[in-house]
Structure formats: structure tokens, C-alpha cells
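Undergrad: So that we are looking at the same thing, I have put the structure below in C-alpha cells.
The values are calculated or read from the model by the stated rules, or taken from the named source; none is laboratory data. The structure presented is a predicted model; accordingly, all values stated were derived computationally and were not measured. Positions of Cβ are generated from backbone atoms using ideal geometry, with glycine treated the same way; all protein chains shown enter the neighbour counts.
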Amino acid sequence: MPHLSVYTPRGGRIFPYAWRFESALVLILFTLTACASRHVADGFLVDEARGFRIPLLRDGWRQLQVEGTELAFQAEPGGQIAALFVSCDEEQPIALRTLARRLFFGIRPKRVVTQNAISLHGTEAVHTVLTGRLQEADVMVSSYVATAGECVYDLVYIASPDTFQDRLPEFERFVQGWVFTKTGSGTQVPSPDLR
């Protein structure tokens with residue numbers, strides 16, 4: 001097959017299908033930028049694109065790869081789960097309590113133990129504790145739902161009622177370590193010492 005090229009009036013050459021190479025290059029750069037904007041540093045997951053950082057759970061927690069989560073851990077032993085979900089595709093603002101209710105679809109029957117509006121590092125949030133059944137097992141859940149900009153952040157801890165309290169303090173440190181890092185977010189960025 002002959003090598004074809006087109007010459008421009010200024011003496012440059014354009015190869016046929018050059019736009020495909022350009023598209024591929026843009027895709028590669030976008031992927032590399034997305035990967036580079038999310039990294040682990042000093043025991044924290046740092047997401048520069050979304051402007052937050054959160055501590056990694058260690059000592060007795062195994063990191064899980066769970067579709068739909070930014071970060072998930074399972075306690076060993078015990079089986080408790082701690083996870084961070086981030087969704088940045090909401091088109092219209094939705095009340096935090098409504099967002100919190102969405103998080104509990106699939107838990108039936110459920111009983112809300114407490115639900116309070118709180119401030120989480122200067123960001124409005126709703127903290128909910130509830131009990132219920134999920135896939136034929138009794139569960140107890142502690143969740144924090146917060147919004148910032150166009151993103152919704154769900155920090156969730158789920159365990160059997162018998163083991164719920166065992167790892168709850170570690171989950172609370174996980175939540176308290178979650179902070180915004182973007183200076184334009186309007187939130188104060190504390191420097192927590194989680195050691």
C-alpha cells in the first residue's frame with residue numbers, strides 16, 4: 001500500500017486520518033491527567049480533580065475494589081465495610097435528606113435511629129444511623145452525606161448490629177479525615193493529625 005500524504009500551501013504535510021491520531025492523543029492525555037489527579041500520598045487518597053483527600057484505613061482493614069466506590073475497605077476480622085462514594089453528575093440540587101434516603105435503597109425494613117444535620121469541616125452534611133435487613137442479613141449503618149459544588153459525597157459504614165460498635169471509632173476518624181483541598185471551594189481545609 002503506498003504511503004499517502006497531503007501537502008499544505010505552507011509546505012507542511014498532513015497524513016490522511018491525522019484526526020484519528022489527534023483524537024487518540026487527546027484520549028491518552030485525558031486518561032493520564034485523570035489518573036495523575038488521583039493518588040495516594042502520606043496515607044491519604046488525594047483526588048485533585050474533585051478537590052478532596054481522605055485517609056486510608058489501615059491496621060486490620062483490607063482495601064476492596066468495588067464498582068461505584070472511590071474507596072472501600074473491609075475489616076478483618078469482623079467484616080465491617082467502610083466506603084466513600086462520589087457522584088458528580090447531579091443536574092439539579094437535591095436536599096441532603098433526600099440524598100441520604102437514596103443511599104439506603106435495598107435495606108428493608110429499615111428503622112432510622114438518628115438523623116442530624118451537621119457541619120463536616122465547614123460543609124453541610126446529614127449523619128444517619130439506621131438498622132435494617134440487607135440480603136437476608138441484619139445490618140446497622142452509619143452514613144454521612146455531603147454536597148460540594150456539583151458533587152455528592154457519601155461516607156458509609158455498614159456492619160452487623162453485633163459488631164457495629166467494634167470498628168465505629170475507626171470509621172469516625174476516616175470521616176473526620178475527609179477534607180476539601182480546593183482553595184476555591186469556600187471550605188476551610190484542616191490538617192488533621194490522624195496518627
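Undergrad: Of (1) in contact with a helix residue (DSSP H, G or I) (Cβ under 8 Å, 6 or more places away or on another chain); (2) at pLDDT 90 or above; (3) of a type outside the set (D, E, K, R); (4) farther than 15 Å from D154 by Cα, L56 satisfies all except one. Which?
TA: (1)
Undergrad: What tally of residues in region 62-82 results from selecting those that are under 13 Å from R167 (Cα atoms) and surrounded by 17 or more Cβ atoms within 10 Å (Cβ to Cβ)?
TA: The total comes to 6.
Undergrad: Given the conditions (1) under 26 Å from R133 (Cβ atoms); (2) not in a loop (DSSP other than H, G, I, E, B), which single one is not true for Q63?
TA: Condition (1) is where Q63 drops out.
Undergrad: Does at least one position in region 153-160 carry a residue that is free of Cβ contacts under 8 Å to residues at least 40 places away in the same chain and acidic (D, E)?
TA: no
Undergrad: Right, something else. If you scan region 109-127, which residues turn out to be under 19 Å from P93 (Cβ atoms) and buried (at least 17 other Cβ atoms within 10 Å of the Cβ)?
TA: Hits for region 109-127 are L120, T123, A125, V126.
Undergrad: Within region 97-104, identify whether any single residue is in contact (Cβ under 8 Å) with a residue 60 or more places away in the chain and surrounded by 13 or more Cβ atoms within 10 Å (Cβ to Cβ), and answer yes or no.
TA: no
Undergrad: Quick one: which residue in L120, L168 is among the hydrophobic types (A, V, I, L, M, F, W, C) and within 27 Å of P77 (Cα to Cα)?
TA: L168
Undergrad: Do we find that R38 is out of contact with any strand residue (DSSP E or B) (no Cβ under 8 Å at 6 or more places or on another chain), at pLDDT 75 or above, over 21 Å from I118 (Cβ atoms) and not acidic (D, E) in this structure?
TA: no
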